[in-house]
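See below for the structure under consideration.
We did not get these values from a lab; they are worked out from the coordinates using the rules stated. No experiment lies behind these values; they were computed from the predicted model shown. Cβ: placed from backbone, ideal geometry, glycine included. Neighbour counts: every protein chain shown.
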Amino acid sequence: MKYHHVGIPTDAVRENETHLPELGMHVSGYETSEFGIEWMRFDADSPLPELVRTVPHVAFEVPDLESALAGREVLIPPNSPSPGIRVAFIVENGAPVELLEIEAP
């Protein structure tokens, strides 16, 4: 596993947000953050679990998503929010953790 980013829920509208309508959320900051800080603002009708909407998460890049999920408590099953990227969320010690598999260019 390799560190990728930290996601922090917020209610504040931030500059340069990207809206992800299928997830009911707005994301910003990751592209310009030296440390991979991503701000996440959720729509009132976001289908994502409350744990993701309210608790910061850390994300790790993994070479094989299915292997990384084996034996873990899956919070959000594997999905593809953008081309070449597959993600899933697990619960680790009560906190959300995002696992990402990024297709090689």
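Report the calculated FRET efficiency for Ile85 and Arg53 (r = Cβ-Cβ distance, R0 = 22 Å), to the nearest 0.05.
On the way: r = 20 Å, r/R0 = 0.93.
Computed FRET efficiency for Ile85 and Arg53 comes out at 0.60.
Given only helices, namely DSSP H runs of n ≥ 4 each adding -39500 (n - 2.57), what is the per-residue ellipticity at 222 nm of the chain, to the nearest 500 deg cm²/dmol? Don't skip to the end; give the middle numbers.
Values: 2 runs with 10 residues, N = 105.
Mean residue ellipticity at 222 nm (helix-derived): -2000 deg cm²/dmol.
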Rounded to whole Hz, the Karplus (6.51, -1.76, 1.60) HN-Hα couplings of the stretch 12-18, x for glycine and proline: 7, 6, 10, 5, 6, 5, 10
Quotient of C-alpha Rg and 2.2 N^0.38 Å, computed over the chain: 1.02
Beta bridge orientation in the stretch 2-102: antiparallel %, DSSP, nearest 5: 75 percent
Cleavage-rule hits (chymotrypsin sites (Phe, Trp or Tyr not before Pro)) in the stretch 1-81: DSSP loop, at most 10 neighbouring Cβ within 10 angstrom: Phe35
For His4, distant residues with modelled amide H under 5 Å away: Ala59, Phe60, Glu61
Where labels lie 7 Å past Cα in the beta-carbon direction, separation of Glu92 and Ser67 in nm: 1.7 nm
